[in-house]
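Report on the structure given below.
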Amino acid sequence: MSVSKIKLVADDPWLEPVSQAVEQRFERYRSRLSYINSVYGSLAAFSRADETFGFNYDKVRKGWWYREWAPNARALFLMGDFNNWNKYSHPLVNNGRGIWELFLDDQTYAGSFVHESLIKVIVQSQIGEHERIPVYIKRVVQDEFTKDFSGQLWCPPKPYKFRHKAPVLKPGEPLLIYEAHVGMAQEKEGVGTYDEFRRLILPKIVKAGYNAIQLMAIAEHPYYGSFGYHVSNFFAPSSRFGTPEALKQLVDEAHKLGLLVIMDIVHSHTVKNTREGLNLFDGTDYQYTHPGPRGDHPQWDSKLFNYGKDEVMQLLLSNVRYWLTDFQFDGYRFDGVTSMIYFHHGHGVQFDRPEHYFYDGVEYDAITYLQLANTLIHQLNPRAVSIAEEVSGMPGLCIPVEDGGIGFDYRLGMGLPDFWIKYLKDYSDEQWNMDEMFHTMTNRLFTTKTVAYAESHDQALVGDKTIAFRLMDKEMYFFMSKETQSLIIDRGIALHKMIRLFTITLGGEAWLNFMGNEFGHPEWIDFPREGNRWSYKYARRQWSLVEKDYLKYHWLSDFDRAMISFVKNDNIMLALPPWKLLTDEAHKTIVFERNRHIFVFNWHPTDAIPDYEIPLRETGDYQIVLSTDDPAYGGLGRVDTTLSYPSYLNKDGQPCMKIYNVNRAALVLRPVEMKNADE
């Protein structure tokens with residue numbers, strides 16, 4: 001392929017100085033894929049390593065194979081309750097290629113090696129003898145008393161059968177993601193289960209109007225408080241929340257209810273633990289990860305994969321296929337992509353020159369892995385969604401691989417929540433800059449689909465604050481009853497609605513909300529730890545707050561439902577880019593048009609302006625279709641939403657309209673002749 005034919009460079013002249021590097025990036029991918037195809041037959045075949053390694057039943061020979069890749073180990077032994085935990089009675093044999101294997105025939109073990117048998121592998125290596133969890137194990141359980149983890153053979157006599165196909169989004173319908181953590185999704189002080197989430201939480205998400213859920217912390221992780229980001233066992237659904245069959249039923253039920261299910265997948269690093277994880281499995285620090293300091297992530301206290309090794313690539317690609325096929329997830333949000341694709345993990349670099357993206361500290365093998373992962377995802381399911389958590393702005397991140405890109409469908413708009421944190425922390429309302437606010441929301445390539453969000457799950461953790469808690473803080477403890485008055489609460493509720501509406505209508509082509517943020521969940525998330533005496537008080541969601549009509553939380557929830565319905569049915573997020581009509585710094589007002597809808601945001605603390613003139617792009621009569629000032633959403637009801645607002649031509653022939661521009665409120669108007677999709 002010649003440089004001139006690479007679409008990424010042709011579409012972005014800024015990349016001309018690195019056009020050769022763009023071509024080399026594509027060639028590395030093509031070369032790796034060609035090698036995989038020639039040796040393994042296809043990318044799909046390459047991604048079925050879990051059907052060879054770990055525990056797999058041989059229907060011909062009638063028994064179980066256990067295989068492990070451990071090239072530098074000296075000996076491996078399988079032990080478990082099937083052999084009374086005898087360490088050395090069942091040695092594995094090295095086939096000469098670093099693969100150790102053992103066959104347990106039914107004739108001998110049919111009564112002892114059975115569904116739910118507990119197992120571990122003894123690995124003898126240059127660092128001694130250690131009990132380990134098999135790498136490709138598909139279930140791991142923790143002993144209630146010793147807290148020790150063991151692998152478990154999972155082969156239920158009646159495996160779960162999926163009954164429902166994944167829903168298909170309607171044309172013009174954006175991806176509206178409800179991010180959730182199964183364990184802390186319940187109101188009880190304890191760990192929630194897959195079954196509880198299916199029965200109790202899925203209906204809430206459907207009622208809220210979202211069309212997708214993004215599940216965190218699915219792959220097994222030894223420390224609950226890691227939020228699921230220190231994975232130890234990549235093929236094992238976390239047993240804290242229930243069985244693999246319960247997770248499958250959750251996904252199936254979500255599909256039945258019209259929800260896509262996206263998994264938060266962590267292939268950017270792995271936990272350091274040696275008893276549970278991959279680290280030092282065969283006695284070396286370079287089996288799955290980079291050796292020495294290069295294999296350590298200093299900020300995350302974890303280990304970094306060596307994506308250049310076939311066995312590592314195969315492990316991770318097999319993991320991608322596994323969750324899509326065996327559990328029928330509808331895609332992934334890839335965690336820590338910036339950290340993956342740079343040796344410096346994105347720290348201390350301005351990314352102001354194209355060379356920073358293609359030469360300086362770039363982890364080429366990680367990029368090739370992501371290109372192959374996205375290729376595989378879309379081969380397996382053309383409608384699957386892949387989202388990158390990437391903050392550097394890597395060119396081509398969401399461009400097809402064949403055009404010189406990396407192949408993701410969406411990127412997370414990570415700068416958006418950072419912007420709101422900065423404004424809420426560092427500036428008074430009077431200092432907010434209208435042009436900067438509009439520019440920040442729209443400063444992106446509209447050819448790159450972005451997931452917009454106003455606040456992340458990180459802001460809900462101890463040490464930070466959600467938007468609601470940052471706006472209202474301790475006042476939420478005393479003044480969220482409708483019978484009490486508080487100027488702080490009034491301001492907080494007003495700005496909470498405006499910030500979310502502003503971000504969702506300007507910031508991206510998809511939307512992400514962390515559970516509870518839609519109704520301004522108070523306080524923080526604090527997982528059980530020694531510092532809080534292992535309490536679950538803050539590792540849960542208080543749904544009862546929004547279910548009590550006498551509390552103000554339901555105003556925020558009701559508005560969020562109306563907002564989600566509006567962007568879904570009026571094709572706002574997938575329409576042409578917004579057109580800025582006006583920024584009025586004196587009156588802290590922003591007016592823009594999108595898909596013929598007029599959006600008026602008045603951020604001023606006090607100035608409500610009658611007969612406020614705004615420019616338009618077309619004449620006609622307009623009606624209000626959404627108002628944050630509506631009393632149903634905790635507003636003051638200062639605007640009559642039943643009126644029609646006629647346009648007129650000013651002395652310069654410019655179409656205009658006059659409205660009552662109320663402070664700390666947002667209005668959305670559309671031409672009267674336009675009909676909502678549900679009307």
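The values are calculated or read from the model by the stated rules, or taken from the named source; none is laboratory data. Note that the coordinates shown come from a computational prediction; the quantities given were computed from them, not determined experimentally. Here the Cβ is made from the backbone with ideal geometry for all residues, glycine too, and neighbour counts use every protein chain on show. Quick note on the areas: whole protein, heavy atoms, side chains included, nothing else; ligands and nucleic acids left out. Shrake-Rupley method; radii C 1.70, N 1.55, O 1.52, S 1.80 Å.
Here's the list of lysines a cross-link from Lys87 could span, going by alpha-carbon distance under 16 Å and ignoring same-chain residues fewer than 8 apart: Lys120. Phi-derived couplings, Karplus 6.51 cos²θ - 1.76 cosθ + 1.60 at θ = phi - 60°, listed residue by residue for the stretch 300-306: 9, 6, 9, 10, 10, 5, 9 Hz, with x used for Gly and Pro. Within a straight-line Cα-Cα reach of under 14 Å, Lys651 can be paired with the following aspartates and glutamates, leaving aside sequence neighbours fewer than 8 residues apart in one chain: Glu613.
Could you pull out the pairs from Lys303/Lys422; Lys62/Lys147; Lys59/Lys256; Lys474/Lys548; Lys425/Lys552; Lys552/Lys580 whose alpha carbons sit more than 28 Å apart here? Exceeds cut-off: Lys303/Lys422; Lys62/Lys147; Lys59/Lys256; Lys552/Lys580.
Taking a Cβ cut-off of under 10 Å around Ser268, the surrounding Lys, Arg, Asp and Glu residues balance to a net charge of -2, with basic ones at +1 and acidic ones at -1. Counting only DSSP H runs of at least 4 residues, each contributing -39500 (n - 2.57), and dividing by the residue count of the chain, the helix-based mean residue ellipticity at 222 nm comes to -7500 deg cm²/dmol. Within the stretch 591-630, the GluC sites (Glu not before Pro) that combine a DSSP coil assignment with at most 15 other C-beta atoms in a 10 angstrom radius are Glu618.
Here is the list for the stretch 185-264: trypsin sites (Lys or Arg not before Pro) lying in DSSP coil, each with at most 13 other C-beta atoms within 10 angstrom of its C-beta, are Lys188. For trypsin sites (Lys or Arg not before Pro), the sites in the stretch 536-610 that DSSP calls loop and that have at most 15 other Cβ atoms within 10 Å are Lys537, Lys548. The label-point distance for Trp524 and Arg353, in a model that sets each label 7 Å from Cα toward Cβ, rounds to 4.0 nm. Heavy-atom surface analysis with a 1.4 Å probe gives the chain a carbon and sulfur content of 50 percent of its accessible area.
At what distance in nm do the modelled label points of Lys170 and Asp621 sit from each other, each positioned 7 Å from its Cα along Cα→Cβ? Taking the simple label geometry, Lys170 and Asp621 are separated by 2.6 nm. Summed over all non-identical Cα pairs, the Kirkwood treatment of the stretch 549-677 gives a radius of 15.3 Å. The P(r) of the stretch 622-664 has a tail past 13 Å containing 59 percent of all C-alpha pairs. Alpha-carbon geometry of the stretch 387-490: the Rg and the Dmax are 17.8, 61 Å, given in that order. Each of the peptides 65-77, 420-432 was scored by the mean count of other Cβ atoms within 10 Å over its residues; in descending order, highest first, they stand as 65-77, 420-432.
Between the helical axis of 19-40 and the longest alpha-carbon principal axis of the chain there is an angle of about 40 degrees.
Using only Cα atoms and rounding to the nearest 10 degrees, what angle (0 to 90) does helix 553-569 make with the longest principal axis of the chain? That helix lies at roughly 90 degrees to the long axis.
Here the spin labels are modelled as points 7 Å beyond Cα on the Cα-Cβ line, and at Tyr364 and Leu643 they lie 6.6 nm apart. Surface exposure of the chain, expressed per residue as accessible area with a 1.4 Å probe, stands at 40 Å².
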